[in-house]
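Structure in structure tokens, see below.
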Amino acid sequence: MVYVAVGATDLRKSINGLALLVEEQFELNLFGGSLFAFCNRRRDLVKILYWDGSGFCLWMKRLGTGLLSLARGRRGGHGDERTGVELAAQRSLM
């Protein structure tokens, strides 16, 4: 499962800060094999947090050109439901 935080996240956070967001604000299991994606306010940077069974991995990608674009879907449990992606939050993260 892939969870994408809706809105902007302060991407100065690293593994510990992003893991805390997942556990406390989203109330999701960090250790279930899911990926947790976070985007910055300008939408030119994404971080993905993942537990690989022995430790956390944190991937980061900064776009050279363009912006990340997430199409809106219908309202669902924790956020908007999109094809292949379940969103984990309805509010912006700061």
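The values are calculated or read from the model by the stated rules, or taken from the named source; none is laboratory data. Note that the structure is a prediction, hence the values are computed from the model and not measured. No Cβ is skipped: glycine too gets one built from the backbone with ideal geometry, and neighbour counts run over all protein chains shown.
What number of residues within region 6-25 satisfy the criterion of being surrounded by 18 or more Cβ atoms within 10 Å (Cβ to Cβ) and within 13 Å of L68 (Cα to Cα)?
1
Out of all the residues in region 1-58, which are assigned to a strand (DSSP E or B) and of a type in the set (D, E, K, R)?
Listed by number, the list holds a single entry, K47.
Being farther than 17 Å from L68 by Cα and surrounded by fewer than 14 Cβ atoms within 10 Å (Cβ to Cβ) is the requirement here; does L28 meet it?
no
List every residue pair whose Cβ atoms sit under 6 Å apart, with the two residues 6 or more apart in sequence or on different chains, where the first one lies in region 33-52 and is at pLDDT below 95 and the second, anywhere, is charged (D, E, K, R) and part of a strand (DSSP E or B).
Between residues of region 33-52 that are at pLDDT below 95 and residues that are charged (D, E, K, R) and part of a strand (DSSP E or B), the close pairs are F38/K47; L45/R62; V46/K61.
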